[in-house]
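A short worksheet on the structure shown next.
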Amino acid sequence: MNIHNFRELKIWQKSRFLAKDLHPIILTFPKYEIYGMMSQMQRASVSLACNIAEGSGRVSTKEFQHY
């Protein structure tokens, strides 16, 4: 069984910074974008880190890279 340590991956670390750093930028968007672009950008930025973490539990390296 091959479990990857996603916390050591630079892409995971950068995805966490993206999610954190995106929030102040999103707050500058017009109010009418609250449920449109703002919501989508927040969900997408969090999804990056989550998908990398979830993929780290995959058995093979090939499966991890695909995820």
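Each value in this text was obtained by applying a stated rule to the coordinates, not by laboratory testing. Being a predicted model, the structure only gives us computed values, none of them experimental. In this analysis, Cβ positions are derived from the backbone assuming ideal geometry, glycine residues included, and neighbour counts consider all displayed protein chains.
Rounded to the nearest 10 degrees, the angle from helix 10-26 to the longest Cα principal axis of the chain is 10 degrees. Extending 7 Å from the Cα toward the beta-carbon at both ARG43 and VAL59 defines two label points whose distance is 3.2 nm. With point charges of +1 on the Cβ of Lys and Arg and -1 on the Cβ of Asp and Glu, referenced to the Cα centre of segment 6-66, which listed residue (PHE29, SER39, LEU9) lies farthest in the positive direction of the dipole? Among PHE29, SER39, LEU9, the one farthest towards the positive end of the dipole of segment 6-66 is LEU9.
What is the local net charge at PHE29, summed over the other residues whose Cβ is closer than 15 Å to its Cβ (Lys, Arg +1; Asp, Glu -1)?
0
The length gained on full extension between ILE34 and ILE11, counted as 0.36 nm times the residue separation minus their Cα-Cα distance, comes to 5.5 nm.
Using every pair of distinct Cα positions in the chain, the Kirkwood expression returns a hydrodynamic radius of 13.1 angstrom.
With contributions of -39500 (n - 2.57) from each DSSP H run of at least four residues, the per-residue ellipticity at 222 nm computed over the chain stands at -20000 deg cm²/dmol.
The protection proxy used here, the mean number of other Cβ atoms lying within 10 Å of each residue, ranks peptides 23-31, 43-51, 56-64 as follows, highest first: 43-51, 56-64, 23-31.
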